[in-house]
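Below you'll find the structure, written out as structure tokens, and then a few comments.
The values are calculated or read from the model by the stated rules, or taken from the named source; none is laboratory data. Quantities reported herein were computed from a predicted structural model and do not represent experimental measurements. Note that each Cβ is placed from the backbone with ideal geometry, even for glycine, and that neighbours are counted across all protein chains shown.
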């Protein structure tokens, strides 16, 4: 069962990459304060994620912040090293916080996992976006099928 509007996010350990290597961060610490736009992708360096989903949020970061968003975060079931390399490749800078859910703990806790084992990906996250306020889900936009539509930066801007 997927997390629902009105529910709080789970408190699990995620990772970010720093100049000194991976750094553990709790999901509450990363996502639980202020207005947060969280979007999740099935995988770093995958075509739709790299060509459209992440770049859309990077390009529209200023517009999102103008609507009161304090943090924009991207989560993927990848390790922190992959997320760091992806961030450098995509020239994310400080516009989007990249969160590694390496074991899929957050993804499983919110009930939004995707079984990609048929195509060699293993457990991944479904593609979605959520608007959180102080750790509580206010809006949840889960893609109903492959591709990018309801969880795009444009859709999130419309929902704010």
Q | Selection from segment 117-143 of residues that are surrounded by fewer than 16 Cβ atoms within 10 Å (Cβ to Cβ) and either closer than 22 Å to residue 85 by Cβ or at pLDDT 95 or above (or both) | A | 119, 120, 121, 122, 123, 133, 134, 136, 138, 139, 142
Q: Need at least 3 residues that are in contact with a strand residue (DSSP E or B) (Cβ under 6 Å, 6 or more places away or on another chain) and without any contact (Cβ under 8 Å) to a residue 60 or more places away in the chain per element, so show me which strands (runs of 3 or more DSSP E) inside segment 37-134 make the cut, counting only ones lying wholly within it.
A: 71-76
**Q.** Single condition residue 150 does not satisfy, out of (1) touching a residue at least 24 places away in the same chain (Cβ under 8 Å); (2) under 22 Å from residue 7 (Cβ atoms)
**A.** (1)
Q | Residues (over 13 Å from residue 104 (Cβ atoms) and buried (at least 16 other Cβ atoms within 10 Å of the Cβ)) located in segment 1-17 | A | 3, 9, 16, 17
Q: Please go through segment 1-21 and pick out each residue that is outside any loop (DSSP other than H, G, I, E, B), touching a strand residue (DSSP E or B) at 6+ places or on another chain (Cβ under 8 Å) and either modelled with pLDDT under 95 or closer than 19 Å to residue 144 by Cα (or both).
A: 17
Q. Residue 29 versus (1) in contact (Cβ under 8 Å) with a residue 24 or more places away in the chain; (2) surrounded by fewer than 17 Cβ atoms within 10 Å (Cβ to Cβ); (3) over 14 Å from residue 153 (Cα atoms): which is the lone unmet condition?
A. (1)
